[in-house]
Each structure stands twice: as C-alpha cells, then as structure tokens.
Amino acid sequence: MLDRQVSGKETPHKKRSDRSAEASDTARLVAELIERAKKAQAIANRYDQASTDLLVAAAGWAIMEPSRNRVLAELAVADTGLGNVVDKIEKNHRKTLGLLRDLKGAKSVGVIAEHGDTGIIEIARPVGVVAAITPSTNPGATPANKIINALKGRNAVILAPSPKGWTTCAKLVQFVHAELDKLGAPRDLVQLLPAPVTKATTHELMRQADLVVATGSQANIRAAYASGTPAFGVGAGNVASIVDRSADLDEAARQIAKSKTFDNATSCSSENSLVLHAEIYDAMLEALARNGGVLLDSEERERLRAALFPEGKLSPGLIAKDARTIAAKAGLDEKRFRSARFLMVPEDGFGPAHPFSGEKLAPVLAIYGAADFAEAMRIVERIYAYQGAGHSVGLHTRDEDQALELGLKLPVSRVIVNQAHCIATGGSFDNGLPFSLSMGCGTWGRNSFSDNMNYRHFLNITRVSRVIPERVPDEKEVFSEYFARTAGTSGGPRSAAREAKRQDHRR
C-alpha cells in the first residue's frame, strides 16, 4: 500500500514514478527531434560544396533581409527586455554579413587541404547533429551564427534557446525554413526545442546530440561539459581595458563609449573595468565625460550598488537597461543623469565584496587608477582572478609592444588594441579575428578551446597519411643543446655515453 495518498499528499514512491515518467517523455520527445535531424543530415551529407554554400546563404538571408531583421530585433527586445532595437538590427546584420564573408570560399566538403611535405590529405566530414544552446542576450544573432556554421559543415542543428528568447528563435527558424524551401533542402536540418524550454529538455538534448555548442549562463556551460557529449562552451566575460599614458585619449574615449553602450552592454565583450594610467587619469575621465560618461560620487555609488547588486547579486531587472533607467532605479538625481550614456564608478578592490569589479551586463564602468603599466597589468590580473579569466583584455596605447607583453603575461585569449572592444572581439571588418558571438576562453575560463567559435569547430577532419621519404634524426641533433648544458653532471650525457659503450661491448 505504499502508493496510497495520505492526507492528500503523494508518497515518495509516487513522486519518483512521476519524475521517471516525465524523464521518459522528455527523452522520447528529444529522440524524435534527433531522429528527424539525422534523416535530414543524411541528405545534406551528399551535398557538394556549392550546394552546401547555398544552404549557408539561405540561412544568412533569413536574418539579414531587412524586414525580417527588424522583426527579429523588435521581438528580441519585447520578449527579453534586454538591449535596444537599433543596435540589435546592426548586430544581426553586421555579425551575419561578417560570418558570410569568412565562410565564402572556405572549404568544408571533401578534400580541404593537401600537405605535400607531410603526405597528409585532410577531408572535412560532418559532426552530425549539433545541440546549439543560445542566450537571451542575443536571441537572433547567436542562433543564426550557429545555424550558419553548422550548415557549412553539412550538419543538422537543434536550437535550445533561453525561455525568454524562444519566440525570437522560433521566428528565426520560420524564416530559415522559408529559405530552405526555396532550395528544396530538408527543413529538419534546423529545428527548435518546443516551448516551454526547460532544463530537462535542454540537458536531454545535450545528452543525445553528437556535439554541443553552448553560449549563455555558466550553469548551461557546465551542463554542456558534464553532458557526456563532446562540447564547446564559453567562459564568463568581465573585460578590463587599460588606457596607457601614450594613448590618443579622445579616440580611446570614443571607442570605449561606443563599445560600452552598444545594445545596452548585453555583450560579454563589453568593457566592465577601465584601468587608467595615473598620468592621464583626470584627462581620460574628462574625455569619457565628453562621450556621455558620468562619474558617480561616493553617495551615488552606494545607491547604485544597492540597486544593481541587491544582496550582493546582479539584479536581473537592471541587466541591459540604458544608463538613465538604471540611474532612476537607483534614485539618482534625474537632472544630473538625464543625458548619461554610461555610468562610471571609482573602484580599488576586487572580488565579491567589491561587486563593481565583476561583470555588470549594463552600461556601468568600474574605474581603477594605476601608477604605471606594470601595476595596470597586476590590477587586471586581480580582476580576472575574481571573474573573466581567459576572455580578453583591451589596450589603448601608442606603444604596441605593450600588447605583446599582455599576451605573454595575462590569462587572456585575445588582446584587443585600440578598438571598440565589444565590436572587435567577435571579429570585425578591420581586424583578422573570425566573426563570432561565442568566444572560447581556454583552460583559464574552464573551456576546451580559446578561439572565436567558427565553422571548423563544426567539422570532423579525416586525415589520409601516405609514405614520404624517411628522415630519422641523429641523436646528437636532438640532444646537442641538452648535452652541452648538462655535460659532466651526475647521470648526464657522459655517463649515458659510457653506459652505451658498455652495452656495445657486451653485445
């Protein structure tokens, strides 16, 4: 009688049975999507490069066609409450156009490289069915990016958007299907988890897919890596930028303001902290003020802290809102902040007790001062020891040797020099980084890769190895420098040589 209800409450056994049935239903639902995706992918697997590139163009036009782009941008802001329509239109267009530029002419079908010196031939093969986990901050641009990269590899893709971003994602998939129909390509190459999207369905999709590509909350990233399926996930953002005394301050301020305010700082690549050389500290603050920055005094700072970090955690209600809205919520003087584009907060600490040192996902900048470049690097190291390791660092300077020093010493995958950081990090028309909305952070950020996610991450590469002329190195060639350094030491090359002679003599 263990299944009986007592006082209207279900027994533990009954609850376990319900959970088991629910898990079974979830697994079955996802399995049906996977099966449809596999059948569609089997068709795409026969496509040549030209047919594959038509799929890519179709998916690109689905979001870039101006009227559709606007619909997606407006839906994104209406449903998520994050960012603004004008910037999302630009992001959808620019990021997709840049990706299409990167992919044009890139080989992703059949033989993609032949290396005569090694006798190796590389053949591109699909990975199969991709589970694409996408965030609410970019519910149009990020799914489009992953769809296009997946199709470039002749894969099928199933999207798992955030619940807030589902409507935008569904509309995007509708537009993609309309374009695929024109080519006679199977719609099931691009699918979407049904609403309401839950953790259970998302995790089950990760488990059943052939590859997981995850962008979004760190909880989803950890789940992707723990799913048992090969996964690419990205680390947390918390970008710091250094402004050196040699920098063009007006240009640096213009670039920083542009980056910090774009789409209300929804990007993980938006600056969260500035580290200013003491010699130009005041002048740089003045330049930032000319570009819409407002420096808070100590009382205003505490009001902002209470509003932005209630109980020490970032307020979801203030993420990706404009500066004036945030100032009003914090009870700051309406007249003083009427024309503010972003808010600046003096900071000198790091870690949970200093929440402004972390990622804010809002047009709010923490401002640090540094006596010299070496101290600036130490400050950035301490910021990243708290949050943001592996992502990127910005640098505004006329001394480009400093960029190399940052790349050699800081735990970052990208050093962005004299550019608007959030626009440049994910690829730009005036730098060489691949266009992407997902930036790997390497082992520093607990990621399996440190690149900008691109189409090659959606490929298996088969290598054909042929015989080449043998080249066996002489041991002296391999060990010459080591032997020279350790000659005469215990167990060094001389004793090794004597032992070799004894062995020869015995033989």
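The values are calculated or read from the model by the stated rules, or taken from the named source; none is laboratory data. All of these numbers come straight from a predicted model, not from anything done at the bench. Cβ: placed from backbone, ideal geometry, glycine included. Neighbour counts: every protein chain shown.
From 301, 290, which residue is over 27 Å from residue 413 (Cα atoms), in contact (Cβ under 8 Å) with a residue 24 or more places away in the chain, surrounded by fewer than 16 Cβ atoms within 10 Å (Cβ to Cβ) and charged (D, E, K, R)?
Working: 301 fails: surrounded by fewer than 16 Cβ atoms within 10 Å (Cβ to Cβ).
Exactly one of 301, 290 is over 27 Å from residue 413 (Cα atoms), in contact (Cβ under 8 Å) with a residue 24 or more places away in the chain, surrounded by fewer than 16 Cβ atoms within 10 Å (Cβ to Cβ) and charged (D, E, K, R), namely 290.
Would you check if residue 380 is assigned to a strand (DSSP E or B), among the hydrophobic types (A, V, I, L, M, F, W, C) and either out of contact with any Gly (no Cβ under 6 Å at 6 or more places or on another chain) or in the same structural domain as residue 132 (by TED's automatic domain parsing) (or both)? Step through it out loud before you land on a result.
Values: assigned to a strand (DSSP E or B): no; among the hydrophobic types (A, V, I, L, M, F, W, C): yes; either out of contact with any Gly (no Cβ under 6 Å at 6 or more places or on another chain) or in the same structural domain as residue 132 (by TED's automatic domain parsing) (or both): yes.
So residue 380 fails the test.
Taking the stretch 351-372 as the region of interest, how many residues are under 25 Å from residue 283 (Cβ atoms) and free of Cβ contacts under 8 Å to residues at least 40 places away in the same chain?
Here the count works out to 0.
Which one is surrounded by the fewest Cβ atoms within 10 Å (Cβ to Cβ) among residues in the stretch 390-418 that are assigned to a loop (DSSP other than H, G, I, E, B) and without any contact (Cβ under 8 Å) to a residue 40 or more places away in the chain?
400
Select from the stretch 446-477 the residues that are surrounded by 11 or more Cβ atoms within 10 Å (Cβ to Cβ) and among the hydrophobic types (A, V, I, L, M, F, W, C) and list them in ascending order.
The answer is 449, 453, 458, 459, 461, 464, 468.
If a residue counts only when it is of a type in the set (D, E, K, R) and not assigned by TED's automatic domain parsing to the domain that holds residue 159, which helices (runs of 4 or more DSSP H) contained entirely in the stretch 214-290 have at least 1 such residues?
Output list reads 249-261, 281-290.
Listed here are the residues, each with its yes/no results for (1) under 17 Å from residue 188 (Cβ atoms); (2) among the basic types (Lys, Arg).
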position	(1), (2)
23	no, no
29	yes, no
33	yes, no
43	yes, no
46	yes, yes
49	no, no
71	no, no
80	no, no
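Any idea which of (1) modelled with pLDDT of 95 or more; (2) in contact with a strand residue (DSSP E or B) (Cβ under 8 Å, 6 or more places away or on another chain); (3) not aliphatic (A, V, I, L, M) is the one residue 237 doesn't satisfy?
(1)
Of these, 81, 60, which one is in contact with a Leu (Cβ under 6 Å, 6 or more places away or on another chain) and either on the phi > 0 side of the Ramachandran plot or not aliphatic (A, V, I, L, M) (or both)?
60
Among (1) more than 21 Å from residue 354 (Cα to Cα); (2) touching a Phe, Trp or Tyr at 6+ places or on another chain (Cβ under 6 Å), which single condition is residue 327 missing?
The number of the failed condition is (1).
When the stretch 50-80 is examined, which residues are found to be aliphatic (A, V, I, L, M) and either surrounded by fewer than 20 Cβ atoms within 10 Å (Cβ to Cβ) or touching a His at 6+ places or on another chain (Cβ under 6 Å) (or both)?
Let us first name the residues in the stretch 50-80 that are aliphatic (A, V, I, L, M), namely 50, 54-59, 62-64, 71-73, 75-78.
Once the filter is applied, which keeps residues that are aliphatic (A, V, I, L, M) and either surrounded by fewer than 20 Cβ atoms within 10 Å (Cβ to Cβ) or touching a His at 6+ places or on another chain (Cβ under 6 Å) (or both), the stretch 50-80 yields 50, 54, 57, 64, 71, 78.
For the structure I just gave you, tell me whether residue 146 is surrounded by fewer than 24 Cβ atoms within 10 Å (Cβ to Cβ), on the phi < 0 side of the Ramachandran plot, touching a residue at least 60 places away in the same chain (Cβ under 8 Å) and not in a loop (DSSP other than H, G, I, E, B).
Working: surrounded by fewer than 24 Cβ atoms within 10 Å (Cβ to Cβ): no; on the phi < 0 side of the Ramachandran plot: yes; touching a residue at least 60 places away in the same chain (Cβ under 8 Å): yes; not in a loop (DSSP other than H, G, I, E, B): yes.
It is false that residue 146 is surrounded by fewer than 24 Cβ atoms within 10 Å (Cβ to Cβ), on the phi < 0 side of the Ramachandran plot, touching a residue at least 60 places away in the same chain (Cβ under 8 Å) and not in a loop (DSSP other than H, G, I, E, B).
For the stretch 297-321, give me each residue that is part of a loop (DSSP other than H, G, I, E, B) and of a type in the set (Asp, Glu).
Passing the criteria: only 297.
Given (1) over 22 Å from the mean Cα position of the chain (by Cα); (2) free of Cβ contacts under 8 Å to residues at least 24 places away in the same chain; (3) on the phi < 0 side of the Ramachandran plot, identify the lone condition not met by residue 316.
Going through (1) over 22 Å from the mean Cα position of the chain (by Cα); (2) free of Cβ contacts under 8 Å to residues at least 24 places away in the same chain; (3) on the phi < 0 side of the Ramachandran plot one by one, residue 316 breaks only (1).
Do we have any residue at all in the stretch 180-198 that's within 18 Å of the chain's Cα centre (by Cα) and of a type outside the set (Asp, Glu)?
no
Please go through the stretch 102-129 and pick out each residue that is part of a strand (DSSP E or B), of a type in the set (A, V, I, L, M, F, W, C) and surrounded by 15 or more Cβ atoms within 10 Å (Cβ to Cβ). Steps first, please.
The initial filter retains those residues of the stretch 102-129 that are part of a strand (DSSP E or B), namely 110-115, 120-126, 129.
Now narrow it down to the ones that are of a type in the set (A, V, I, L, M, F, W, C): 111-113, 120-121, 123-124, 129.
Result: 112, 121, 123, 124, 129.
Hey, any hits in the stretch 219-227 for a residue that's of a type in the set (Phe, Trp, Tyr), under 19 Å from the mean Cα position of the chain (by Cα) and surrounded by 20 or more Cβ atoms within 10 Å (Cβ to Cβ)?
No, the stretch 219-227 contains no residue that is of a type in the set (Phe, Trp, Tyr), under 19 Å from the mean Cα position of the chain (by Cα) and surrounded by 20 or more Cβ atoms within 10 Å (Cβ to Cβ).
Could you please let me know if residue 449 is under 14 Å from the mean Cα position of the chain (by Cα) and of a type outside the set (Ser, Thr, Tyr)?
Yes; evaluated as a whole, the condition is true for this residue.
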